[in-house]
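Values quoted throughout were computed directly from the atomic coordinates according to the rules given, and no laboratory measurement underlies them. Everything numeric here is computed off the predicted structure, so don't read it as measured data. Don't worry about glycine lacking a Cβ; one is built from the backbone with ideal geometry, like all the others, and counts go over all protein chains shown.
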Amino acid sequence: MPVHDVVLCLESVSKRYLLGKTVVDALRGVDFSVRKGEFVAIMGPSGSGKSTLLGILGLLDKPTGGKVFIDGSDATSLGDDKVSLLRARTIGFVFQFFFLVPSLTALENVVLPLMFLNVERGERERLASNALERVGLSGRMHHRPSELSGGERQRCAIARALVTNPSFILADEPTGNLDSKTGKEIMNLFKELNAEGKTIVAVTHDEAIASYAERVIHLRDGLVEEGGKGKHASKLVMKRTLKK
Ligand SMILES: Nc1ncnc2c1ncn2[C@@H]1O[C@H](COP(=O)(O)OP(=O)(O)OP(=O)(O)O)[C@@H](O)[C@H]1O
Ligand SMILES: [Mg+2]
């Protein structure tokens, strides 16, 4: 069982995709845990299983084998409705291509996760404007995604991830579609959110981006690379945050 300050934990997680006769073992027995308040980067070559791992950690996808613990409870034993609710309440996602709804304004996009949680209308708008203000977009609330820059779109997506006050932010290549200066601004925003107490796991190809995290995990061919065996293998690649 996970130790008490471990808030996200994968135990022997495997994921097998079957496409016709093709078998892909995207994850092959991953042990990985995140402690409360950590900022972890996941690196690895294309196809090594990073997005698969993040999707399982964020309850978007189910493992073929192994267990997923969120805040100490075994998510793999919950029914679909309970999993959706747990995900909506505790996890905020940020993606490379933002996934904003093009026809809605920034404010309306950020309101969406609160509708799923049945938050009352006035409160929804208050929380959404606070979240947009937090990411520096108070002057862009009524703009549609096409009227925002790439960095602003990602800030809007981060506001949408923050609006439910989740414990965790999971980000898949959050700077992959941004120039390097804008990417750094986004990573500095994640650092601030981490300093305010959010636990953050971010997937990236980029060493410079990974250096914002306090710990880096390397995946290769569906396995945590260093050490291979044992739950604490990832500590071998633990490194301190570089001063920015
Ligand atoms: N839905 C799916 N069906 C079948 N195979 C899949 C599916 N999703 C991923 N895979 C396969 O699983 C492996 C891991 O994919 P994943 O997307 O996790 O890699 P990744 O490390 O995120 O790569 P990238 O850096 O290119 O985003 C790949 O070989 C991929 O082709
Ligand atoms: Mg990926």
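Return, ordered by residue number, the residues of region 193-225 whose backbone nitrogen is under 18 Å from a label point located 7 Å along Cα→Cβ of residue 12. Those under the cut-off are 223-224.
Just so you know, the Cα atoms of the chain work out to an Rg and Dmax of 17.8, 52 Å. Residue 86 to residue 144: FRET efficiency via 1/(1 + (r/R0)^6), r the Cβ-Cβ distance, R0 30 Å, to the nearest 0.05? Efficiency, from the Cβ-Cβ distance: 0.45. Take the Kirkwood radius over Cα pairs of region 114-172, plug it into Stokes-Einstein at 4 °C and 1.567 mPa s, and you get 108 µm²/s for translational diffusion. For the Cα trace of region 110-235, dividing Rg by the Kirkwood Rh returns an Rg/Rh value of 1.03. Taking amide H positions as modeled 1.01 Å from N, with prolines and chain starts lacking one, no residue 5 or more places away or on another chain lies under 5 Å from residue 104. This ranking places 140, 220 by how few other beta-carbon atoms lie within 10 Å of each, fewest first, which gives 220, 140.
When the scattering of region 32-137 is computed by the Debye formula from its Cα atoms alone, each counted once and equally, what is log10 I(q)/I(0) at q = 0.10, 0.18, 0.22 Å⁻¹? One equal scatterer on each Cα of region 32-137 leads to -0.38, -1.11, -1.30.
Taking 113, 63, 45 as the candidate residues, the one with maximal mean-square fluctuation in a Gaussian network model of the chain, Cα springs under 10 Å, is 45. DSSP beta bridges fully contained in the chain are about 55 percent antiparallel. Oblate is the label for region 76-130, because a/c, from the alpha-carbon gyration tensor with a ≥ b ≥ c as root eigenvalues, is 1.5 or above and a/b does not exceed b/c. Summarising the label geometry, the points placed 7 Å from Cα in the beta-carbon direction at residue 205 and residue 192 lie 2.9 nm from one another. In a reduced charge model with +1 at each Lys and Arg Cβ and -1 at each Asp and Glu Cβ, region 1-101 shows a dipole moment near 240 debye about its Cα centre.
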